[in-house]
């Protein structure tokens, strides 16, 4: 979390949360009210301040206000940059294993020690070899690779 966000949260601790405004689609795009966020600085700010609450609900801490995120599938979407995997927040990812779900999306569980889920972009993973066991929908530590 950005220091300025933490300070504003401490200064105004009781600001009501927002629901229904922010979404993460299957391609890793952030959307506000259905419109893709094009501003790179805003996307980076959201990524730095994106986390889950104690109930496992994902949100963006926007200063003192918590903005809950509607997830199209998983809380993270991976993509390749060269030979390295990154999530939509720009953080490097190490895929431990890969599965295919019922829709053919590549799902990577437990790729972080904090058990975050990720979806990977299928156009980028189609040419890469990976195991394809069945996807366990009960695994909250799962992610997916989105199609482009």
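Each value in this text was obtained by applying a stated rule to the coordinates, not by laboratory testing. As the structure is a computational prediction, the values presented were derived from the model and not from experiment. As a convention, Cβ positions derive from the backbone with ideal geometry for all residues, glycine included, and neighbour counts pool all protein chains shown.
At full extension, residue 10 and residue 96 could sit 27.2 nm farther apart than now, given 0.36 nm per residue minus the alpha carbon distance.
Applying 1/(1 + (r/R0)^6) with R0 = 30 Å to the Cβ-Cβ distance of residue 54 and residue 33 gives a FRET efficiency near 0.65. Peptide packing for 14-20, 47-53 was compared via the average number of neighbouring C-beta atoms within 10 Å per residue; ordered from the highest value, the list is 47-53, 14-20.
Relative to the current alpha-carbon distance between residue 18 and residue 42, full extension at 0.36 nm per residue lengthens the span by 6.9 nm.
Radius of gyration over Kirkwood radius for the range 3-71, both on Cα atoms: the Rg/Rh ratio is 0.96. Sorted fewest first by neighbouring Cβ atoms within 10 angstrom, 58, 30, 21 come out as 21, 58, 30.
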